[in-house]
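Reading through the C-alpha coordinates given below for one structure.
The values are calculated or read from the model by the stated rules, or taken from the named source; none is laboratory data. Computed from a predicted structure; not experimentally measured. Cβ atoms come from the backbone with ideal geometry, glycine included; neighbour counts cover every protein chain shown. To get the accessible areas, we keep the full protein, side chains included, count just its heavy atoms, and leave off ligands, DNA and RNA. Shrake-Rupley method; radii C 1.70, N 1.55, O 1.52, S 1.80 Å.
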Amino acid sequence: MEFFRDTDVVVIGGGIVGTAILRELSKYDLRCLLVEKEPDLAIGTTKANSAVCHAGFDAPTGSWKAKTNVRGNALYHELQDDLDLDVKWCGSYVCAVTEEQEEQLRVLYDRGLANGVPGLKILTGDEVRKEEPNLKTARAALWAPTAGVLWPFGAALAFARCAVQNGAQVIRDCAVTGFVKEEGRVTIVQTTKGAIRTHFVINAAGIYADRIAALAGDTSFTITPRKGEYILFDKTAAPDLVWSVVFPCPTKTSKGILICTTTHGNTFIGPNANDQEDREDTAVTPAGMDEIIAGARRLVPNLPLGAAITEFAGLRAVSSTGDFVLGASPVPGFLNAAGTQSPGLTSAPAIAEVLVEALGQEMVLRRKPHWNGRLPRRKAFNKMAPSEKQEAIAKNALYGRVICRCETVTEGEIVDAIHEPVGARTVDGVKRRTRAGMGRCQGGFCGPRVVQILARELQVPVSSIVKERAASRLYYEKFAARVPEEEQ
(Lines give C-alpha, C1' and ligand atoms only; values in the text may rest on other atoms or scores of the structure.)
Protein backbone atom coordinates (compact mmCIF):
# COMPACT_ATOMS: atom_id res chain seq x y z
CA MET A 1 0.00 0.00 0.00
CA GLU A 2 1.33 3.43 -0.96
CA PHE A 3 1.07 6.12 1.74
CA PHE A 4 0.90 9.83 1.01
CA ARG A 5 1.00 10.91 4.67
CA ASP A 6 2.36 9.49 7.93
CA THR A 7 0.93 11.27 10.96
CA ASP A 8 0.01 10.98 14.64
CA VAL A 9 -3.63 12.12 14.54
CA VAL A 10 -6.09 12.41 11.65
CA VAL A 11 -9.18 14.56 12.16
CA ILE A 12 -12.04 13.71 9.80
CA GLY A 13 -14.33 16.63 8.99
CA GLY A 14 -13.63 20.30 8.35
CA GLY A 15 -16.59 21.89 10.12
CA ILE A 16 -16.50 24.01 13.26
CA VAL A 17 -15.88 21.00 15.52
CA GLY A 18 -13.16 19.41 13.40
CA THR A 19 -11.26 22.67 12.92
CA ALA A 20 -11.51 23.50 16.65
CA ILE A 21 -10.06 20.07 17.45
CA LEU A 22 -7.24 20.57 14.96
CA ARG A 23 -6.34 23.89 16.59
CA GLU A 24 -6.33 22.31 20.05
CA LEU A 25 -4.12 19.47 18.79
CA SER A 26 -1.69 21.96 17.27
CA LYS A 27 -0.75 23.07 20.80
CA TYR A 28 1.09 19.77 21.23
CA ASP A 29 4.12 18.15 19.68
CA LEU A 30 2.07 16.09 17.23
CA ARG A 31 1.86 15.56 13.50
CA CYS A 32 -1.80 16.32 13.00
CA LEU A 33 -3.83 16.44 9.82
CA LEU A 34 -7.44 17.27 8.95
CA VAL A 35 -9.15 15.76 5.92
CA GLU A 36 -12.31 17.24 4.41
CA LYS A 37 -14.24 15.60 1.56
CA GLU A 38 -15.48 18.91 0.09
CA PRO A 39 -13.50 21.57 -1.81
CA ASP A 40 -13.69 23.93 1.17
CA LEU A 41 -14.08 23.91 4.90
CA ALA A 42 -17.33 24.40 6.81
CA ILE A 43 -19.83 23.89 4.00
CA GLY A 44 -22.06 21.44 5.86
CA THR A 45 -23.94 22.27 9.06
CA THR A 46 -21.41 24.98 9.94
CA LYS A 47 -22.41 27.16 6.99
CA ALA A 48 -26.18 26.85 7.49
CA ASN A 49 -27.26 27.31 11.08
CA SER A 50 -28.52 30.04 13.37
CA ALA A 51 -24.99 31.28 14.22
CA VAL A 52 -26.01 31.72 17.86
CA CYS A 53 -23.47 31.49 20.67
CA HIS A 54 -25.89 30.06 23.23
CA ALA A 55 -25.68 30.94 26.91
CA GLY A 56 -26.32 27.34 28.03
CA PHE A 57 -29.65 27.24 29.89
CA ASP A 58 -31.46 24.85 27.51
CA ALA A 59 -29.51 21.56 27.69
CA PRO A 60 -30.15 19.03 30.48
CA THR A 61 -27.88 19.59 33.47
CA GLY A 62 -24.91 17.23 33.48
CA SER A 63 -25.12 16.38 29.77
CA TRP A 64 -22.23 16.91 27.38
CA LYS A 65 -24.36 19.57 25.70
CA ALA A 66 -24.73 21.54 28.93
CA LYS A 67 -21.12 21.21 30.06
CA THR A 68 -19.53 22.08 26.73
CA ASN A 69 -22.04 24.83 25.95
CA VAL A 70 -21.24 26.94 29.01
CA ARG A 71 -17.51 26.29 28.67
CA GLY A 72 -17.57 26.94 24.91
CA ASN A 73 -19.38 30.25 25.38
CA ALA A 74 -16.70 31.34 27.85
CA LEU A 75 -13.94 30.24 25.46
CA TYR A 76 -15.35 32.32 22.60
CA HIS A 77 -15.25 35.35 24.88
CA GLU A 78 -11.56 34.57 25.48
CA LEU A 79 -10.71 33.71 21.86
CA GLN A 80 -12.47 36.64 20.21
CA ASP A 81 -9.43 38.91 20.23
CA ASP A 82 -6.75 36.24 19.60
CA LEU A 83 -8.50 34.83 16.53
CA ASP A 84 -10.04 38.11 15.34
CA LEU A 85 -13.49 36.50 15.47
CA ASP A 86 -16.58 38.25 14.19
CA VAL A 87 -18.82 38.11 17.28
CA LYS A 88 -21.64 40.32 18.52
CA TRP A 89 -22.43 39.85 22.23
CA CYS A 90 -26.02 41.03 21.97
CA GLY A 91 -27.63 38.71 24.52
CA SER A 92 -30.71 36.57 24.03
CA TYR A 93 -34.36 36.56 25.08
CA VAL A 94 -36.66 33.56 25.43
CA CYS A 95 -40.12 35.06 25.10
CA ALA A 96 -43.29 33.75 26.72
CA VAL A 97 -46.56 34.71 25.05
CA THR A 98 -48.89 32.68 27.30
CA GLU A 99 -49.22 32.15 31.04
CA GLU A 100 -48.14 28.52 30.64
CA GLN A 101 -44.96 29.60 28.85
CA GLU A 102 -44.20 32.03 31.68
CA GLU A 103 -43.98 29.01 33.96
CA GLN A 104 -41.58 27.39 31.47
CA LEU A 105 -39.27 30.41 31.74
CA ARG A 106 -38.77 29.61 35.43
CA VAL A 107 -37.79 26.04 34.49
CA LEU A 108 -35.21 27.36 32.00
CA TYR A 109 -33.96 29.89 34.56
CA ASP A 110 -33.44 27.22 37.23
CA ARG A 111 -31.74 24.91 34.73
CA GLY A 112 -29.47 27.73 33.61
CA LEU A 113 -28.38 28.36 37.20
CA ALA A 114 -27.67 24.65 37.63
CA ASN A 115 -25.64 24.67 34.41
CA GLY A 116 -23.58 27.65 35.60
CA VAL A 117 -24.92 30.31 33.22
CA PRO A 118 -24.16 33.79 34.60
CA GLY A 119 -26.41 36.85 34.60
CA LEU A 120 -29.79 35.26 33.88
CA LYS A 121 -32.89 37.36 34.58
CA ILE A 122 -36.63 37.00 34.02
CA LEU A 123 -38.04 40.27 32.68
CA THR A 124 -41.59 41.52 32.33
CA GLY A 125 -43.02 42.24 28.90
CA ASP A 126 -42.67 45.99 29.45
CA GLU A 127 -39.01 45.57 30.45
CA VAL A 128 -38.38 43.54 27.29
CA ARG A 129 -39.98 46.16 25.04
CA LYS A 130 -37.68 48.87 26.37
CA GLU A 131 -34.90 47.08 24.49
CA GLU A 132 -36.87 45.26 21.79
CA PRO A 133 -39.97 47.36 21.02
CA ASN A 134 -41.21 45.01 18.30
CA LEU A 135 -41.77 42.14 20.74
CA LYS A 136 -45.33 43.30 21.26
CA THR A 137 -46.74 39.88 22.20
CA ALA A 138 -44.20 39.05 24.93
CA ARG A 139 -45.67 38.67 28.42
CA ALA A 140 -42.22 37.94 29.91
CA ALA A 141 -38.78 36.80 28.81
CA LEU A 142 -35.66 35.08 30.08
CA TRP A 143 -32.68 37.36 29.44
CA ALA A 144 -29.21 35.81 28.99
CA PRO A 145 -26.55 38.53 28.61
CA THR A 146 -23.68 36.14 27.76
CA ALA A 147 -25.34 34.94 24.53
CA GLY A 148 -24.49 36.37 21.14
CA VAL A 149 -24.07 35.70 17.46
CA LEU A 150 -20.92 34.89 15.54
CA TRP A 151 -19.83 34.20 11.97
CA PRO A 152 -19.55 30.38 11.95
CA PHE A 153 -17.52 30.03 8.75
CA GLY A 154 -15.13 32.72 9.95
CA ALA A 155 -14.67 30.93 13.26
CA ALA A 156 -13.99 27.57 11.58
CA LEU A 157 -11.54 29.19 9.18
CA ALA A 158 -9.79 30.96 12.06
CA PHE A 159 -9.40 27.68 13.95
CA ALA A 160 -7.94 26.06 10.82
CA ARG A 161 -5.62 28.95 10.02
CA CYS A 162 -4.33 29.00 13.59
CA ALA A 163 -3.69 25.25 13.44
CA VAL A 164 -1.84 25.52 10.12
CA GLN A 165 0.16 28.44 11.51
CA ASN A 166 1.34 26.01 14.17
CA GLY A 167 2.30 23.16 11.86
CA ALA A 168 -0.96 21.27 11.30
CA GLN A 169 -2.12 20.33 7.81
CA VAL A 170 -5.48 20.58 6.04
CA ILE A 171 -6.31 18.53 2.94
CA ARG A 172 -9.53 19.24 1.06
CA ASP A 173 -11.25 17.19 -1.65
CA CYS A 174 -10.17 14.17 0.38
CA ALA A 175 -12.99 11.77 1.28
CA VAL A 176 -12.46 8.89 3.70
CA THR A 177 -13.34 5.54 2.10
CA GLY A 178 -12.30 3.07 4.77
CA PHE A 179 -9.86 2.01 7.49
CA VAL A 180 -7.29 -0.69 7.98
CA LYS A 181 -6.74 -2.25 11.40
CA GLU A 182 -3.73 -3.99 12.78
CA GLU A 183 -4.46 -6.26 15.77
CA GLY A 184 -7.88 -4.64 16.09
CA ARG A 185 -6.57 -1.08 16.16
CA VAL A 186 -7.17 1.54 13.44
CA THR A 187 -3.78 2.39 11.94
CA ILE A 188 -4.54 3.40 8.35
CA VAL A 189 -7.09 5.83 6.93
CA GLN A 190 -7.98 5.15 3.31
CA THR A 191 -8.99 8.21 1.28
CA THR A 192 -9.68 9.25 -2.29
CA LYS A 193 -6.17 10.74 -2.36
CA GLY A 194 -4.38 7.72 -0.95
CA ALA A 195 -3.67 6.06 2.39
CA ILE A 196 -2.64 7.82 5.60
CA ARG A 197 -0.81 5.92 8.32
CA THR A 198 -1.71 7.24 11.77
CA HIS A 199 -1.82 6.43 15.47
CA PHE A 200 -5.25 7.95 16.19
CA VAL A 201 -8.36 9.06 14.30
CA ILE A 202 -10.86 11.65 15.54
CA ASN A 203 -14.22 11.45 13.81
CA ALA A 204 -15.88 14.89 13.46
CA ALA A 205 -17.74 14.13 10.24
CA GLY A 206 -21.05 15.82 11.09
CA ILE A 207 -24.13 14.18 9.59
CA TYR A 208 -21.89 11.40 8.23
CA ALA A 209 -20.18 10.69 11.55
CA ASP A 210 -22.11 7.44 12.14
CA ARG A 211 -21.15 6.13 8.71
CA ILE A 212 -17.49 6.98 9.25
CA ALA A 213 -17.64 5.30 12.66
CA ALA A 214 -19.28 2.22 11.13
CA LEU A 215 -16.45 1.97 8.59
CA ALA A 216 -14.11 1.63 11.56
CA GLY A 217 -16.37 -0.93 13.24
CA ASP A 218 -18.14 1.37 15.72
CA THR A 219 -21.93 1.03 15.44
CA SER A 220 -22.74 2.42 18.90
CA PHE A 221 -24.78 5.35 17.59
CA THR A 222 -26.66 6.60 14.54
CA ILE A 223 -27.23 10.06 13.11
CA THR A 224 -30.54 11.43 11.82
CA PRO A 225 -30.40 14.58 9.67
CA ARG A 226 -32.77 17.27 10.93
CA LYS A 227 -33.52 20.00 8.41
CA GLY A 228 -33.93 23.62 9.44
CA GLU A 229 -35.07 26.28 6.96
CA TYR A 230 -34.40 30.02 7.14
CA ILE A 231 -35.26 33.34 5.51
CA LEU A 232 -32.61 36.06 5.42
CA PHE A 233 -33.54 39.74 5.19
CA ASP A 234 -31.62 42.62 3.66
CA LYS A 235 -29.74 44.92 6.04
CA THR A 236 -32.39 47.60 5.53
CA ALA A 237 -34.84 45.40 7.46
CA ALA A 238 -32.73 45.19 10.63
CA PRO A 239 -33.99 48.36 12.37
CA ASP A 240 -37.57 47.13 12.02
CA LEU A 241 -37.02 43.75 13.63
CA VAL A 242 -34.68 42.95 16.54
CA TRP A 243 -31.21 43.80 17.81
CA SER A 244 -30.54 40.57 19.72
CA VAL A 245 -31.35 36.86 19.63
CA VAL A 246 -35.06 36.25 20.23
CA PHE A 247 -36.31 32.72 20.94
CA PRO A 248 -39.79 31.42 21.57
CA CYS A 249 -40.21 28.91 24.38
CA PRO A 250 -38.44 25.71 23.18
CA THR A 251 -40.02 22.40 22.20
CA LYS A 252 -38.74 18.84 22.65
CA THR A 253 -37.06 18.86 19.20
CA SER A 254 -36.05 22.47 18.69
CA LYS A 255 -35.22 25.77 20.34
CA GLY A 256 -37.99 27.12 18.14
CA ILE A 257 -38.33 29.57 15.29
CA LEU A 258 -36.27 32.56 16.28
CA ILE A 259 -35.75 36.07 15.04
CA CYS A 260 -32.11 36.99 15.11
CA THR A 261 -29.60 39.61 14.11
CA THR A 262 -26.31 38.64 12.43
CA THR A 263 -22.79 39.96 12.79
CA HIS A 264 -23.08 41.49 9.32
CA GLY A 265 -26.20 43.55 10.03
CA ASN A 266 -28.82 41.32 8.41
CA THR A 267 -31.72 39.67 10.22
CA PHE A 268 -33.14 36.17 9.72
CA ILE A 269 -36.05 34.05 10.85
CA GLY A 270 -36.02 30.27 11.36
CA PRO A 271 -35.34 27.43 11.68
CA ASN A 272 -38.05 24.81 11.72
CA ALA A 273 -37.07 21.22 12.57
CA ASN A 274 -37.96 18.24 10.39
CA ASP A 275 -36.19 14.88 10.55
CA GLN A 276 -35.40 13.20 7.22
CA GLU A 277 -33.41 10.33 5.78
CA ASP A 278 -31.65 12.18 2.96
CA ARG A 279 -28.27 13.55 4.10
CA GLU A 280 -27.91 15.89 1.12
CA ASP A 281 -31.39 17.39 0.78
CA THR A 282 -31.10 21.04 1.81
CA ALA A 283 -33.90 22.34 -0.41
CA VAL A 284 -36.30 24.87 1.06
CA THR A 285 -40.01 24.15 0.72
CA PRO A 286 -43.20 26.27 0.46
CA ALA A 287 -44.56 24.51 3.56
CA GLY A 288 -41.35 25.23 5.43
CA MET A 289 -41.44 28.90 4.49
CA ASP A 290 -45.05 29.18 5.67
CA GLU A 291 -44.13 27.45 8.93
CA ILE A 292 -41.25 29.75 9.87
CA ILE A 293 -43.13 32.89 8.82
CA ALA A 294 -46.10 31.89 11.00
CA GLY A 295 -43.78 31.05 13.89
CA ALA A 296 -41.85 34.31 13.68
CA ARG A 297 -45.05 36.34 13.48
CA ARG A 298 -46.09 35.05 16.91
CA LEU A 299 -43.25 37.19 18.28
CA VAL A 300 -42.99 40.00 15.70
CA PRO A 301 -46.19 40.41 13.67
CA ASN A 302 -44.75 43.02 11.28
CA LEU A 303 -42.23 40.93 9.32
CA PRO A 304 -40.79 42.85 6.30
CA LEU A 305 -41.12 39.95 3.87
CA GLY A 306 -40.48 42.24 0.91
CA ALA A 307 -36.91 42.66 2.19
CA ALA A 308 -36.13 38.92 2.02
CA ILE A 309 -33.04 38.34 -0.12
CA THR A 310 -32.56 34.58 0.16
CA GLU A 311 -33.84 31.36 1.71
CA PHE A 312 -31.67 28.44 2.74
CA ALA A 313 -31.67 25.26 4.80
CA GLY A 314 -29.16 23.33 6.86
CA LEU A 315 -29.00 19.86 8.39
CA ARG A 316 -28.27 19.15 12.04
CA ALA A 317 -26.67 15.87 13.12
CA VAL A 318 -29.05 14.38 15.68
CA SER A 319 -27.53 11.47 17.63
CA SER A 320 -29.53 8.43 18.69
CA THR A 321 -28.05 8.91 22.18
CA GLY A 322 -29.80 12.25 22.68
CA ASP A 323 -26.47 13.91 23.49
CA PHE A 324 -23.10 14.59 21.96
CA VAL A 325 -20.98 11.47 21.41
CA LEU A 326 -17.54 12.44 22.68
CA GLY A 327 -14.35 10.55 23.43
CA ALA A 328 -12.89 7.12 22.84
CA SER A 329 -15.02 4.66 20.89
CA PRO A 330 -15.15 0.86 21.34
CA VAL A 331 -12.59 0.64 18.51
CA PRO A 332 -8.98 1.19 19.67
CA GLY A 333 -7.32 4.21 18.07
CA PHE A 334 -10.68 5.76 17.11
CA LEU A 335 -12.38 8.68 18.89
CA ASN A 336 -15.70 10.40 18.19
CA ALA A 337 -16.88 14.00 18.24
CA ALA A 338 -20.32 13.24 16.85
CA GLY A 339 -23.98 14.20 17.14
CA THR A 340 -22.97 17.83 17.55
CA GLN A 341 -26.29 19.44 16.76
CA SER A 342 -27.16 22.67 18.58
CA PRO A 343 -25.36 23.88 20.65
CA GLY A 344 -22.49 22.36 18.66
CA LEU A 345 -21.30 25.70 17.28
CA THR A 346 -21.05 27.18 20.77
CA SER A 347 -19.59 24.01 22.23
CA ALA A 348 -16.91 23.48 19.56
CA PRO A 349 -13.84 24.86 21.40
CA ALA A 350 -14.89 23.02 24.56
CA ILE A 351 -15.49 19.80 22.62
CA ALA A 352 -11.94 20.20 21.33
CA GLU A 353 -10.66 20.28 24.91
CA VAL A 354 -12.66 17.14 25.76
CA LEU A 355 -11.28 15.23 22.77
CA VAL A 356 -7.69 16.23 23.41
CA GLU A 357 -8.08 15.28 27.07
CA ALA A 358 -9.42 11.89 25.94
CA LEU A 359 -6.46 11.53 23.60
CA GLY A 360 -4.19 12.31 26.53
CA GLN A 361 -5.52 9.19 28.24
CA GLU A 362 -4.18 7.16 25.30
CA MET A 363 -0.80 8.79 24.66
CA VAL A 364 1.70 11.22 26.15
CA LEU A 365 1.02 14.80 25.03
CA ARG A 366 3.83 17.37 25.21
CA ARG A 367 2.98 21.06 24.88
CA LYS A 368 4.88 23.06 22.27
CA PRO A 369 7.07 25.70 23.89
CA HIS A 370 6.36 28.34 21.24
CA TRP A 371 2.77 27.78 20.17
CA ASN A 372 1.25 30.92 18.61
CA GLY A 373 -2.46 31.31 19.29
CA ARG A 374 -2.92 34.74 17.72
CA LEU A 375 -3.84 35.49 14.12
CA PRO A 376 -3.03 38.71 12.27
CA ARG A 377 -5.89 41.21 12.51
CA ARG A 378 -7.61 42.19 9.29
CA LYS A 379 -10.13 44.82 8.34
CA ALA A 380 -12.64 44.72 5.50
CA PHE A 381 -12.23 47.49 2.94
CA ASN A 382 -15.79 48.70 3.50
CA LYS A 383 -15.03 49.24 7.21
CA MET A 384 -11.83 51.20 6.64
CA ALA A 385 -11.56 54.93 7.20
CA PRO A 386 -10.85 56.99 4.02
CA SER A 387 -7.18 57.31 4.96
CA GLU A 388 -6.91 53.55 5.51
CA LYS A 389 -8.47 52.89 2.10
CA GLN A 390 -5.98 55.21 0.42
CA GLU A 391 -3.12 53.45 2.20
CA ALA A 392 -4.40 50.01 1.14
CA ILE A 393 -4.70 51.12 -2.51
CA ALA A 394 -1.22 52.64 -2.42
CA LYS A 395 0.18 49.29 -1.27
CA ASN A 396 -1.87 47.22 -3.71
CA ALA A 397 -3.73 48.81 -6.64
CA LEU A 398 -6.18 45.88 -6.70
CA TYR A 399 -7.79 47.39 -3.59
CA GLY A 400 -8.91 50.23 -5.81
CA ARG A 401 -11.15 48.00 -7.93
CA VAL A 402 -14.53 47.14 -6.42
CA ILE A 403 -15.82 43.74 -7.57
CA CYS A 404 -18.89 43.36 -5.35
CA ARG A 405 -20.87 46.59 -5.35
CA CYS A 406 -23.45 45.52 -2.77
CA GLU A 407 -20.82 44.84 -0.08
CA THR A 408 -17.98 46.99 -1.47
CA VAL A 409 -15.54 44.09 -1.76
CA THR A 410 -12.38 44.79 -3.73
CA GLU A 411 -10.29 42.61 -6.03
CA GLY A 412 -7.40 42.92 -3.59
CA GLU A 413 -9.46 41.31 -0.84
CA ILE A 414 -10.53 38.48 -3.12
CA VAL A 415 -6.96 37.78 -4.24
CA ASP A 416 -5.78 37.79 -0.62
CA ALA A 417 -8.56 35.36 0.31
CA ILE A 418 -7.43 32.95 -2.42
CA HIS A 419 -3.78 32.98 -1.37
CA GLU A 420 -4.11 32.99 2.42
CA PRO A 421 -3.57 29.76 4.40
CA VAL A 422 -6.48 27.38 3.65
CA GLY A 423 -7.51 29.84 0.95
CA ALA A 424 -10.62 30.02 -1.22
CA ARG A 425 -10.94 27.59 -4.13
CA THR A 426 -14.62 28.10 -4.97
CA VAL A 427 -17.01 30.96 -5.64
CA ASP A 428 -18.78 30.37 -2.33
CA GLY A 429 -15.39 30.12 -0.63
CA VAL A 430 -14.65 33.66 -1.80
CA LYS A 431 -18.13 34.74 -0.71
CA ARG A 432 -17.74 33.48 2.82
CA ARG A 433 -14.26 34.92 3.25
CA THR A 434 -14.99 38.35 1.77
CA ARG A 435 -18.83 38.71 1.50
CA ALA A 436 -18.58 39.13 -2.29
CA GLY A 437 -21.98 37.88 -3.42
CA MET A 438 -23.76 38.20 -0.08
CA GLY A 439 -25.53 41.47 -0.79
CA ARG A 440 -28.87 42.38 -2.26
CA CYS A 441 -28.13 40.99 -5.75
CA GLN A 442 -26.76 37.70 -4.30
CA GLY A 443 -23.82 37.61 -6.73
CA GLY A 444 -25.75 38.53 -9.87
CA PHE A 445 -23.25 41.24 -10.70
CA CYS A 446 -19.97 40.06 -9.19
CA GLY A 447 -20.30 36.28 -9.65
CA PRO A 448 -18.72 36.03 -13.13
CA ARG A 449 -15.89 38.34 -12.09
CA VAL A 450 -15.15 36.21 -9.04
CA VAL A 451 -14.95 33.16 -11.34
CA GLN A 452 -12.48 35.01 -13.55
CA ILE A 453 -10.28 36.00 -10.59
CA LEU A 454 -10.27 32.46 -9.20
CA ALA A 455 -9.26 30.99 -12.57
CA ARG A 456 -6.51 33.56 -13.03
CA GLU A 457 -5.04 33.24 -9.53
CA LEU A 458 -5.26 29.44 -9.39
CA GLN A 459 -4.02 29.17 -12.98
CA VAL A 460 -6.83 26.86 -14.02
CA PRO A 461 -9.49 27.04 -16.78
CA VAL A 462 -12.70 28.95 -16.07
CA SER A 463 -14.58 25.71 -16.69
CA SER A 464 -12.92 24.09 -13.65
CA ILE A 465 -14.21 26.65 -11.16
CA VAL A 466 -17.14 25.44 -9.04
CA LYS A 467 -19.72 27.31 -7.01
CA GLU A 468 -19.31 25.16 -3.90
CA ARG A 469 -19.10 21.40 -4.37
CA ALA A 470 -17.37 19.33 -7.01
CA ALA A 471 -20.49 18.93 -9.14
CA SER A 472 -21.47 22.62 -9.10
CA ARG A 473 -19.58 23.86 -12.17
CA LEU A 474 -20.71 27.20 -13.52
CA TYR A 475 -19.23 26.97 -17.04
CA TYR A 476 -18.41 24.10 -19.36
CA GLU A 477 -15.71 24.02 -21.99
CA LYS A 478 -17.88 24.78 -24.99
CA PHE A 479 -19.43 27.76 -23.20
CA ALA A 480 -16.43 29.04 -21.27
CA ALA A 481 -14.82 30.37 -24.43
CA ARG A 482 -17.81 32.62 -24.98
CA VAL A 483 -17.56 34.36 -21.61
CA PRO A 484 -16.61 38.02 -22.26
CA GLU A 485 -12.95 38.71 -21.72
CA GLU A 486 -13.59 40.90 -18.68
CA GLU A 487 -15.48 37.98 -17.13
CA GLN A 488 -12.89 35.28 -17.86
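Couple of notes before you dig in:
- Applying the set (1) within 25 Å of residue 442 (Cα to Cα); (2) hydrophobic (A, V, I, L, M, F, W, C); (3) open to solvent by less than 10 Å² (accessible area, probe 1.4 Å) to residue 308 leaves exactly one unmet item: (3).
- Pairing residues of region 126-151 that are closer than 15 Å to residue 91 by Cα with residues that are open to solvent by 60 Å² or more (accessible area, probe 1.4 Å) and in a strand (DSSP E or B), at Cβ distances under 6 Å and at least 6 apart in sequence or on separate chains, gives 142/122; 143/121; 148/88; 149/88.
- Top-ranked residue in region 423-442 [being open to solvent by 20 Å² or more (accessible area, probe 1.4 Å) and in a loop (DSSP other than H, G, I, E, B); ranked as modelled with the highest pLDDT]: 425
- Looking only at residues in region 235-250 that are part of a loop (DSSP other than H, G, I, E, B) and at pLDDT below 90, the one that is surrounded by the most Cβ atoms within 10 Å (Cβ to Cβ) is 241.
- Test: residue in region 163-177 that is within 30 Å of residue 70 (Cβ to Cβ), in contact (Cβ under 8 Å) with a residue 12 or more places away in the chain and among the small types (Gly, Ala, Ser): yes
- Any strands (runs of 3 or more DSSP E) falling wholly within region 282-387 and containing at least 2 residues that are under 23 Å from the mean Cα position of the chain (by Cα) and closer than 16 Å to residue 270 by Cα: 308-319
- Residue in region 395-406 that is farther than 23 Å from residue 155 by Cβ, modelled with pLDDT under 95 and not in a helix (DSSP H, G or I) present: yes
- Selection of region 179-192 for residues being exposed (fewer than 15 other Cβ atoms within 10 Å of the Cβ) and on the phi < 0 side of the Ramachandran plot yields 180, 182, 185, 192.
- Residues (among the small types (Gly, Ala, Ser), open to solvent by 70 Å² or more (accessible area, probe 1.4 Å) and farther than 20 Å from residue 446 by Cα) located in region 384-404: 387, 394
The rows are residues; the columns are (1) open to solvent by 20 Å² or more (accessible area, probe 1.4 Å); (2) within 26 Å of residue 39 (Cα to Cα).
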{"position": "210", "(1), (2)": "no, yes"}
{"position": "213", "(1), (2)": "no, yes"}
{"position": "255", "(1), (2)": "yes, no"}
{"position": "261", "(1), (2)": "no, no"}
{"position": "273", "(1), (2)": "yes, no"}
{"position": "277", "(1), (2)": "yes, yes"}
{"position": "281", "(1), (2)": "yes, yes"}
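- Strands (runs of 3 or more DSSP E) fully within region 1-102 counting 1 or more residues that are surrounded by 21 or more Cβ atoms within 10 Å (Cβ to Cβ): 9-12, 32-35, 92-96
- Failed item, numbered, when residue 342 is tested on (1) farther than 20 Å from residue 221 by Cβ; (2) surrounded by 14 or more Cβ atoms within 10 Å (Cβ to Cβ); (3) out of contact with any helix residue (DSSP H, G or I) (no Cβ under 8 Å at 6 or more places or on another chain): (1)
- Here residue 232 meets each of (1) open to solvent by 30 Å² or more (accessible area, probe 1.4 Å); (2) more than 22 Å from the chain's Cα centre (by Cα); (3) farther than 25 Å from residue 34 by Cα with one exception, condition (2).
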